[in-house]
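J.: Before we start, here is the structure in question, set down as structure tokens.
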């Protein structure tokens, strides 16, 4: 965070940064001791809290295309993706930095729109913008959203134990359906577009569940259930058994005539930013209704943890089926996922 | 920090990230509770310490050119620039994230070289790599180094008071001399090149001074003394008077026949990453010898703080002279600074 780039510099640059920070919204908070405008931001953590840090780089034509989304949605998605990592760690957000580089030929309003999207998503979770970095880009629009969170007891990917249950928040595949449509040159259905451009990190949901259930491991579904379940299996040294038919489908996919194709897309497509949770047996039972009442999203048991390794996919009769293909590897320019 | 991008993902991506982390060196430390490979990193702060956060975006053809520097030096500079912000806040580093995007046609060894440079600079200050993000770039190499630090009493730009003294660590203008040479299509003198490609953040120096002197404000000289002194004046609501002749010259500039031109370059050129310090009157006197013995760099008084605003430049006789032009605005592709 250089003076010239984020600090209270003189002239045009100063005004650009002021405009950007204004667009991003809140930069103050009870824990913010030094906000934007100094060499670095300073934040207080609570008693016995640990710092949780993550960043999410979004690059034009790798992670998004400007033809597909508004600049504000591009900013929102980048912030949601970073905040989702805090949710997966069971952390509360304490603030974020925004590093942004844009080609000089772009109108100054583009930076403001991106900041508005980032700031809008952060504000939903009372996370202030602490500072950042503003630069010129030789071409692609570049965003890096860095989030800081705090927790007394971090949730990791490595806590799953044989006998635990596997749960998932919300419904899957909406973002993948949109990405598939974009990739084919089509306009996604409105529900799918909304899932793709305005994902919501499950921060209050995980806080609520941690208080009530024995959550042993968590990961956010950024790569897709298939890939992310594999991460948990590897990190925990266990085997995850998942019932493909139990995977909760986004309404857009639920309406597909080819249910098998819909399930495979939901289980392999990424960027939904729902949470995969591993919980002690029985500890989530009976919480679903209260969870749905509180957050208006579902909580679905999709399998269980056994000794072994890897992910085993099963059909409705419990017979092994091939893993849903591929997962989500962002789109290739000219291509499309999945 | 997505599974696919930094986590323990399968296959080629996993090996790329393992290779990158190995190249970056240490990822463990007594305060690191969760290092690379989970959704986010988790770090403990000390008792009563505040979190200090900064990021530094480096983009090819905006902040560096691959023809000028080795990839390792590009990584070092990015890390040094970010760590220098922690020094300016009087913070100790506790770790860093590295977000890196490279065009697919670049050899995998390029990512390793950048990580080696970033990690080498971090290791010098015992700061582990906590995680990051690895992505494809559609063109330019992109690095974002995010540093986390901790301090009980942050130093800001806003603490300077009338009557305080202005000091500067080390010697100025080496990086600017290199940038000027690069911009003119020339190979810089070795000393200037070294200053440009291997700047050293003044972390132990500021810790040493905070213990012994009454430091009231600090900023790192990333934009250049002229610009950065202006930041302190504005943030503190005071006037900084600087004796141009007192500005300590890098040996390369000290050898210039045109001393006036050398002084102006040293006072306006950026990226030296020395510190401008404001100190209570007399509190630094007598520390210079011990400081030089300890760190092998100089500590020079260059002026004083009065009531008023802005920066006043003076010649050896105390007469006002024009502010050294421009400061450092990174180089323009095809151009050159300053």
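J.: Residues in the range A:122-139: is at least one buried (at least 24 other Cβ atoms within 10 Å of the Cβ) and more than 13 Å from chain B (Cβ to nearest Cβ)?
T.: yes
J.: (1) under 16 Å from the mean Cα position of the chain (by Cα); (2) assigned by TED's automatic domain parsing to the domain that holds residue A:16: which one isn't true of residue A:156, the others all being true?
T.: Among (1) under 16 Å from the mean Cα position of the chain (by Cα); (2) assigned by TED's automatic domain parsing to the domain that holds residue A:16, residue A:156 violates only (2).
Condition check ((1) touching a residue at least 24 places away in the same chain (Cβ under 8 Å); (2) assigned to a strand (DSSP E or B); (3) over 18 Å from residue B:280 (Cβ atoms); (4) within 13 Å of the chain's Cα centre (by Cα)) across all residues:
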| residue | (1), (2), (3), (4) |
| --- | --- |
| B:204 | yes, no, yes, no |
| B:211 | no, no, no, no |
| B:217 | yes, yes, no, no |
| B:226 | yes, no, yes, no |
| B:232 | yes, no, no, no |
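J.: Looking at the range A:29-49, which of its residues are surrounded by 21 or more Cβ atoms within 10 Å (Cβ to Cβ) and part of a strand (DSSP E or B)?
T.: A:34, A:41, A:42, A:43
J.: Just a yes or no: is a residue in the range A:266-287 part of a helix (DSSP H, G or I), surrounded by 20 or more Cβ atoms within 10 Å (Cβ to Cβ) and in contact with a strand residue (DSSP E or B) (Cβ under 9 Å, 6 or more places away or on another chain)?
T.: Looking through the range A:266-287, at least one residue is part of a helix (DSSP H, G or I), surrounded by 20 or more Cβ atoms within 10 Å (Cβ to Cβ) and in contact with a strand residue (DSSP E or B) (Cβ under 9 Å, 6 or more places away or on another chain).
J.: Just a yes or no: is a residue in the range B:172-190 within 14 Å of chain A (Cβ to nearest Cβ) and closer than 27 Å to residue A:96 by Cα?
T.: Within the range B:172-190 (the criterion being within 14 Å of chain A (Cβ to nearest Cβ) and closer than 27 Å to residue A:96 by Cα), the answer is no, since none of the residues qualifies.
J.: In the range A:17-37, which residues are without any contact (Cβ under 8 Å) to a residue 60 or more places away in the chain and closer than 19 Å to residue B:91 by Cβ?
T.: Within the range A:17-37, A:33, A:34 qualify.
J.: Additional query: Please give the number of the condition residue A:297 fails out of (1) surrounded by 15 or more Cβ atoms within 10 Å (Cβ to Cβ); (2) modelled with pLDDT under 95; (3) part of a loop (DSSP other than H, G, I, E, B); (4) at negative phi.
T.: Of (1) surrounded by 15 or more Cβ atoms within 10 Å (Cβ to Cβ); (2) modelled with pLDDT under 95; (3) part of a loop (DSSP other than H, G, I, E, B); (4) at negative phi, only one is false for residue A:297: (2).
J.: Could you please let me know if residue A:322 is loosely packed, with under 14 Cβ neighbours inside 10 Å, touching a strand residue (DSSP E or B) at 6+ places or on another chain (Cβ under 8 Å) and without any contact (Cβ under 8 Å) to a residue 40 or more places away in the chain?
T.: It is true that residue A:322 is loosely packed, with under 14 Cβ neighbours inside 10 Å, touching a strand residue (DSSP E or B) at 6+ places or on another chain (Cβ under 8 Å) and without any contact (Cβ under 8 Å) to a residue 40 or more places away in the chain.
J.: Then there's this: Taking the condition surrounded by fewer than 24 Cβ atoms within 10 Å (Cβ to Cβ), out of contact with any strand residue (DSSP E or B) (no Cβ under 6 Å at 6 or more places or on another chain) and assigned to a loop (DSSP other than H, G, I, E, B), does residue A:67 pass?
T.: yes
J.: A further question follows. Of B:182, B:196, which residue is surrounded by fewer than 24 Cβ atoms within 10 Å (Cβ to Cβ), in contact (Cβ under 8 Å) with a residue 24 or more places away in the chain and assigned to a helix (DSSP H, G or I)?
T.: Going through B:182, B:196 in turn, just one is surrounded by fewer than 24 Cβ atoms within 10 Å (Cβ to Cβ), in contact (Cβ under 8 Å) with a residue 24 or more places away in the chain and assigned to a helix (DSSP H, G or I): B:182.
J.: As an exercise: evaluate residue B:56 against (1) surrounded by fewer than 18 Cβ atoms within 10 Å (Cβ to Cβ); (2) at pLDDT 85 or above; (3) facing chain A (nearest Cβ under 7 Å) and give the number of the one condition it does not meet.
T.: (1)
J.: Regarding residue A:30, is this residue under 20 Å from residue A:204 (Cβ atoms), over 21 Å from the mean Cα position of the chain (by Cα) and modelled with pLDDT under 85?
T.: Yes.
The values are calculated or read from the model by the stated rules, or taken from the named source; none is laboratory data. All figures in this text were calculated on a predicted structure; none of them were measured in a lab. Counting neighbours? That spans all protein chains shown, and the Cβs are built from the backbone with ideal geometry, glycine included.
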